[in-house]
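Participant: Dropping the structure in here first, questions after.
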Amino acid sequence: MAWTKNVLRVNLTEGTCKQEPLRMDWAQEYLGQRGLATRYFVEEVDPRVDPLAPENKLIMATGPLTGTMASTGGRYSVITKGPLTGAIACSNSGGFIGAELKMAGWDMIIFEGRASAPVYLYLENERAQLLSAEGLWGLSVWETDARLHQMHQDPQLRIACVGRAAEAVCLYAGVINDLHRAAGRSGVGTVMASKHLKAVAVRGTRGVGNIKDPRRFMDVTREQKQVLSDNAVTGQGLPTYGTQVLMNVINEVGALPTRNMREVQFEEANKISGEAMHEPRPRDGRANLTTNAACFGCTIACGRISTVDQGHFTVQNKPQYWGSSGGLEYEAAWALGADTGVDDLDALTYANFLCNEDGMDPITFGATVAAAMELYGLGAITPAHTSGMELIFGSAKALTWAAEVTARGEGFGKELGLGSRRLCEKYGHPDLSMTVKSQEFPAYDPRGIQGMGLAYATSNRGACHLRGYTVASEVLGIPEKTDPLVTEGKAALVKAFQDATASVDSSGLCLFTTFAWSLDNIAPQIDAACEGEWSVEKLAELGERVWNLERDFNLAAGLTGKDDRLPKRLLKEAARSGPAQGRVNELSTMLPEYYALRGWTPDGVPTQETRQRLGLPSAGG
Ligand code: SF4
């Protein structure tokens, strides 16, 4: 099903659900999901709104290929203004709920206002109801999922919800769907909880339709599945090791941020790698990894399903954690592991389970714990703050304790729930927060991968690898190899990745396809499915338009070019080992060129000419 052409508008203050037609003129310019929902968002929301005020809105949006037979066509995104960053937030998730939403007949749901008491949205095809969630408030994601399935007596119900972290106003709470898939970053779950919206439960049975050229769509999606299958990364590496295939690779190139980014290589990386997840454990002889898993319609199946050793200290006498569940993916394994110096795979798996169970972004959580551990080492945080817990690098006990108290918003967990920028400011060391626009870095050190420094600094939702993954080129040689240690050509590389990514994120497809596919592979699939003509050039320009639209929103929200920065550590403290030894990130060399290529002023503002070329609206209307 391409666009259903139906938008559901849910006013939580008034308790109403209304159908309205999709703006098809905007769909031709912004496609769907990230792009189209952002277009709606900037039209309807004052950029200076308090992210947790009822005036902020939250949009759940599918792409035109969501729910189709295109490989990986199961994605949806959550768009809002993020409480962690104060910037536009757009978090993308797989699993099954995106396709279910489409099968129920909806392209997007716009939530506005705030309910006077907790509610959940129950969607049965076109029938939309707001029902009381009084009995669900205070429950974890896993408990909420089980309860809703039981209440509706429908095993095929698909559920996205928030856990206790969001209710406790952890600023990086996510919206978790299908138990362990997450729209995880920037605090989109915190916004959902602020609206007293506990869950969205969807059942869609309307099937697939509205494809422009069904025969051609079948042919082209079949051909492109073959391309994924024949590719070494999407056909072998990701199914076998998941994104965790990267742990040893990134460590070897000297770009694995370690102990709050003080170092760039983790001496125990192998113990927490994708390979290690396959190894039999000494105590029970079972591997950490149970199986791989796929989101709706995906022929890659990169997902990890794993277990914690039942004898491990974290789960002794806790049978609720003895089964298999989602993780570890690379970013979580890095943040919970290398960045905190913890090399205990079972502890990382348990901490990751807790992030899913109560809905926290494991990247920001792990990186915040790493910052807290550095503050503890300096004596700025003491046992008096941590109820006696020794918050030291390498301590699996400290990591898992931190996950428990943060997930529940208890004691020092409340402070960890603010993220590292606010924590480090509070304890007198703001430079120890490894963030851009108040969002924590993911698992690639920009001293060892120069282009990623520029990608992080200019990312519209704060530090993020999923806004311009130049690692593909700089480390993996996709689509062609560039030297990770040079800055020349990186401005153009970052811009190209950012624009293409914005386009893919607007389609309903998974970004991981781009290890094998370029827009050359994607455009024919969109063109066969969607009204209008969809060329590579049109998609590239669409991505650029989306990028500038997000930038516009952020500028109107009060961010400036001065926020396109990196922490002092990455600019002044040289890498201590590996191929990048002696190097810092050279952002100041790349940034002016990037602004010029984007058609922005030297201060980072889109020029009038750029705005006209892309047909940008003014932010907020
Ligand atoms: S590649 Fe992985 S994350 Fe992407 S849709 Fe497939 S299973 Fe999900």
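The values are calculated or read from the model by the stated rules, or taken from the named source; none is laboratory data. Since this is a predicted model, take the numbers as computed values, not measurements. Every residue, glycine among them, receives a Cβ derived from its backbone with ideal geometry; neighbour counts consider all protein chains shown. Ligands, DNA and RNA are stripped out before the accessible areas are found, and what is left, the full protein with its side chains, is counted by its heavy atoms. Shrake-Rupley method; radii C 1.70, N 1.55, O 1.52, S 1.80 Å.
Participant: How much length is gained on full extension from R127 to R216, taking 0.36 nm per residue of separation minus their Cα-Cα distance?
Facilitator: In short, 28.8 nm is gained.
Participant: For E223 and E252 in the same chain, what is the full-extension length gain: residue separation times 0.36 nm, less their Cα-Cα distance, in nm?
Facilitator: 6.9 nm
Participant: Further question on the same structure: Counting other Cβ atoms within 10 Å, keep those with at most 11, restrict to DSSP loop, and tell me which chymotrypsin sites (Phe, Trp or Tyr not before Pro) in the range 22-66 are left.
Facilitator: When the chymotrypsin sites (Phe, Trp or Tyr not before Pro) of the range 22-66 are filtered for loop state and at most 11 Cβ neighbours within 10 Å, nothing remains.
Participant: Residue by residue, what Karplus-based ³J(HN,Hα) values in Hz, rounded to whole numbers, does the range 28-36 have, using 6.51, -1.76 and 1.60 with θ = phi - 60° and x for Gly and Pro?
Facilitator: Per-residue couplings from phi come out as 6, 9, 10, 6, x, 6, 4, x, 5 Hz.
Participant: How many Å² of accessible area per residue for the range 178-268, probe 1.4 Å?
Facilitator: 37 Å²
Participant: Per residue, how many Å² of accessible area does the range 46-124 show with a 1.4 Å probe?
Facilitator: 19 Å²
Participant: Which of the lysines could be linked to K426 by a straight reach, that is with a Cα gap under 30 Å, when you skip same-chain ones fewer than 8 residues away?
Facilitator: Answer for K426, where 30 Å is the Cα cut-off: K57, K81, K195, K397, K414, K437, K562, K568, K572, listed by chain and number.
Participant: Report the extension gain between L597 and I392 in nm, rounded to one decimal, defined as 0.36 nm multiplied by the number of residues separating them, less their alpha carbon distance.
Facilitator: Result: 69.4 nm gained on full extension.
Participant: Rounding to the nearest 20 debye, state how big the charge dipole of the range 432-581 is about its Cα centre with +1 on each Lys and Arg Cβ and -1 on each Asp and Glu Cβ. Walk me through the numbers on the way to the answer.
Facilitator: Working: 16 positive and 20 negative charges, 194 e Å.
The calculation lands at about 940 debye.
Participant: Moving on. Looking at A455, Y444, L432, which one has the Cα that reaches farthest to the positive end of the dipole of the range 400-459 (charges on Cβ: Lys, Arg +1; Asp, Glu -1)?
Facilitator: Checking the options against the dipole of the range 400-459, the answer is A455.
Participant: Mind checking the log10 I(q)/I(0) for the chain at q = 0.07 Å⁻¹? Debye, one equal scatterer per Cα, no solvent, two decimals.
Facilitator: Debye curve over Cα of the chain, log10 I(q)/I(0) at q = 0.07 Å⁻¹: -0.37.
Participant: Farthest toward the dipole's positive end in the chain, which of T258, A37, A269, given Cβ charges of +1 (Lys, Arg) and -1 (Asp, Glu) about the Cα centre?
Facilitator: Farthest towards the positive pole: A37.
Participant: Moving on to the next point. Hey, what do the phi angles of the range 425-430 turn into as Karplus ³J(HN,Hα) couplings, whole Hz, using 6.51/-1.76/1.60 and θ = phi - 60°, x for Gly and Pro?
Facilitator: Each residue of the range 425-430 in turn: 5, 4, 9, x, 9, x Hz.
Participant: A further question follows. With the Cα gyration tensor of the range 417-502 giving a ≥ b ≥ c as the square roots of its eigenvalues, does the rule (a/c under 1.5 for rounded; else a/b larger than b/c for prolate; else oblate) give rounded, prolate or oblate?
Facilitator: On the way: a/c = 2.87, a/b = 2.08, b/c = 1.38.
In terms of gyration-tensor shape, prolate.
Participant: What dipole magnitude, in Debye to the nearest 20, does the range 26-140 give about its Cα centre under +1 on Lys/Arg Cβ and -1 on Asp/Glu Cβ?
Facilitator: 280 debye
Participant: Same structure again: List the residues, sorted by chain then number, that are 5 or more residues from A182 or on another chain and whose placed amide H is less than 5 Å from its amide H.
Facilitator: G94, N177
Participant: Which value, in Å² rounded to 10, gives the accessible area of D213 with a 1.4 Å probe and all protein chains present?
Facilitator: Solvent-accessible area, nearest 10 Å²: 50 Å².
Participant: Would you tell me the accessible area of D50, worked out with a 1.4 angstrom probe on the heavy atoms of the protein chains, in Å² to the nearest 10?
Facilitator: Using a 1.4 Å probe on the heavy atoms, I get roughly 90 Å².
Participant: Could you please report the charge total around T470, scoring K, R as +1 and D, E as -1 over all other residues with beta-carbon less than 11 angstrom from its beta-carbon?
Facilitator: +2
Participant: Let me ask something else. Please report the base-10 log of the normalised intensity I(q)/I(0) for the range 554-618, using a Debye sum with one equal scatterer per alpha carbon and no solvent, at each q in 0.25, 0.26 (1/Å).
Facilitator: -1.08, -1.12
Participant: When the helix-only estimate is applied to the chain (DSSP H runs of n ≥ 4, each -39,500 (n - 2.57), divided by the residue count), what is the mean residue ellipticity at 222 nm, nearest 500 deg cm²/dmol?
Facilitator: Helices in the chain give a 222 nm mean residue ellipticity of -10500 deg cm²/dmol.
Participant: Now for a different question. For the chain, build the charge dipole from Cβ charges (+1 Lys, Arg; -1 Asp, Glu) around the Cα centre, then report which of V119, I392, F412 sits farthest towards its positive end.
Facilitator: V119
Participant: Could you give the nm distance between label points at S588 and R206, where each point is 7 Å from its Cα heading toward the beta carbon?
Facilitator: 5.6 nm
Participant: Under the rule of at least 5 residues apart or a separate chain, name every residue whose amide H is placed under 5 Å from the amide H of R75.
Facilitator: For R75, whose amide H was placed from the backbone, the distant partners under 5 Å are G67.
Participant: Another question about this same structure. 7 Å from Cα along Cα→Cβ at both E480 and E425: what's the point-to-point distance in nm?
Facilitator: If labels sit at E480 and E425, their model points lie 4.4 nm apart.
Participant: Quickly work out the S324-to-N292 label distance, labels modelled 7 Å from Cα along the C-beta direction, and quote it in nm with one decimal.
Facilitator: In this crude label model, N292 to S324 measures out at 1.4 nm.
Participant: Show the residues, 5+ positions off or on another chain, whose built amide H is closer than 5 Å to the amide H of T290.
Facilitator: Result for T290 returns I305, S306, T307.
Participant: With +1 on each Lys and Arg Cβ and -1 on each Asp and Glu Cβ, and nothing else charged, work out how big the dipole of the chain is about its Cα centre, in Debye to the nearest 20.
Facilitator: The calculation lands at about 620 debye.
Participant: Using a 1.4 Å probe on the protein chains only, how many percent of the accessible area of the chain belongs to carbon and sulfur? Display every interim value, and only then the final one.
Facilitator: Values: 10280 of 20220 Å².
Using a 1.4 Å probe with all protein chains present, the chain comes out at 51 percent carbon and sulfur.
Participant: Per residue, how large is the accessible surface of the range 293-411? Use a 1.4 angstrom probe and give square angstrom.
Facilitator: Working: 3270 Å² over 119 residues.
Each residue of the range 293-411 exposes 27 Å² on average to a 1.4 Å probe.
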